[in-house]
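The values are calculated or read from the model by the stated rules, or taken from the named source; none is laboratory data. Predicted model only: the values in this text are computed from it and were never measured. All Cβ positions, even for glycine, are placed from backbone atoms using ideal geometry, and neighbour counts span all protein chains on display. Only protein heavy atoms, including side chains, enter the accessible area calculation; ligands, DNA and RNA are left aside. Shrake-Rupley method; radii C 1.70, N 1.55, O 1.52, S 1.80 Å.
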Amino acid sequence: VGEARNVLSENAVKLNINNIRLLKKIGLFASVLDGALKDAHPRVIQQAHSTLPLAVYAVYGGDRCKVDIDFILNYQGSLLSYMPDNPNASAEEAESKRVEREKSVYLDEYGFGKCDEFDVAIVDLIKKGYADEGSLGLLVEALEKKIKHDADIALLGQAWDLFHSSFGDNEEEVLDAFEQAISKALQYFTVNDLDFVASIYCDLGREDLINS
């Protein structure tokens, strides 16, 4: 718990939160999360302690926070905000894009990549303002999904590790590892993940396996 509180403090400092009321709210919700996060993977705990102060700041910090909670809830990464501006855009559209880009930079600099179901559950708890059996149940359910998601997507990393560390004739073993990752975690692949995996199959002359 001590180490976790240190991480929370560091994140609060990173967000420039110095209001006592907000800091107390962060501490209060952190205590609520302690039970739900018991025995969770360190990466999951790290995510919770990153999302928590950001969400408290956005919900209760008013104009102090540079990003609103709705933007956080809908945030799926900064790629779209960094796309080239449309030269034919109206002044209103250009201003909207500028504001979106500023918010994206703020989240990127803080280290918030995108909002997933676990983040949503934490935000919902904070927006509600208190913890009850129902809200904690939803949080634990989202936590379990998060842990399963991380375990499933880790299969892709293991397949890449096998591929990169392999110098022998183990093509079938490598393909089996990728097949397992595809069967378990395809819905979590990014576009780049799909592209790189497809290129491996094509290089091995196994387009028939990846086309379907």
Of the residues in the stretch 30-68, those that are in contact with a Lys or Arg (Cβ under 7 Å, 6 or more places away or on another chain) and either among the β-branched types (Val, Ile, Thr) or free of Cβ contacts under 8 Å to residues at least 12 places away in the same chain (or both) come to VAL44, VAL56, VAL59, VAL67
Taking the stretch 1-29 as the region of interest, how many residues are of a type outside the set (Lys, Arg) and farther than 17 Å from GLY61 by Cα? 7
Counting only helices (runs of 4 or more DSSP H) entirely within the stretch 31-140, those with at least 3 residues that are open to solvent by 60 Å² or more (accessible area, probe 1.4 Å) are 42-60, 91-110, 117-128
Any residue that is of a type in the set (A, V, I, L, M, F, W, C), at negative phi and open to solvent by 90 Å² or more (accessible area, probe 1.4 Å) - is there at least one of those in the stretch 183-199? yes
